[in-house]
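This report refers to the structure that appears directly beneath it.
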Amino acid sequence: MSTVATAGDRGAVRVPVRGLTVLYDADCALCTHVRDWLVRQRQLVPLELVPAGSDEARARFPSLDHGGTLDEVTVVGDAGQVYRGTAAWVVVLWALREHRPLAHRLSTPAGAALAKGAVLAAAMWRGTQWGGKAYRRGDGWTYHPSRGWTYDPPGCDSGACGSR
């Protein structure tokens, strides 16, 4: 379940966000570089950075799909909000003093397309750092270093989808 801010939610009137936990892949050079950059930024909302899939992450957030948190950046708010992918990047920027205006621009329909492109570019770079292996996301998108992005919708092999 991704959370996406709307214009009415920007002021956090209903459920104020007082802290965010960023789950990052500790084995990814890009992810750890971004983690190091985040800790140097002035934060309007405190960020805790926890390795995705770690014992600490599993203990703090037992209901999360921890395998999925290694595939896609995930941010958890102090009131249980869960942000994934592009929404996660936007909410992290929103927490940073110097980047909150950018986060507001990226949360518009036009900005969302730019934010999604940036996230896909980062995923592509990350994929090339894995020695030519494919990078697979849970939503059906796969990046192959030799072929680029492909989409194969998730199936219902488990029978959990039900009939539609």
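Computed from the coordinates by the stated procedures, all read-outs in this text should not be read as laboratory data. Treat the numbers as computed from the prediction; the structure is a model and nothing was measured. Glycine gets a Cβ as well: all are built from the backbone with ideal geometry, and neighbour counts include every protein chain shown.
The simple Förster model, with R0 at 45 Å and r as the Cβ-Cβ distance, assigns Arg58 and Ala113 a FRET efficiency of 0.85. Principal axis extents of the C-alpha atoms in segment 19-61 (largest first, rounded to whole Å): 28, 25, 8.
How much FRET efficiency would the formula 1/(1 + (r/R0)^6) give for Asp27 and His104, where r is the Cβ-Cβ distance and R0 is 22 Å, rounded to 0.05? Computed FRET efficiency for Asp27 and His104: 0.10.
Peptides 31-44, 68-81 ranked from most to least packed, by the mean per-residue count of other Cβ atoms within 10 Å: 68-81, 31-44. The calculated FRET efficiency for Trp37 paired with Thr150, based on their beta-carbon distance and R0 = 35 Å, is about 0.70.
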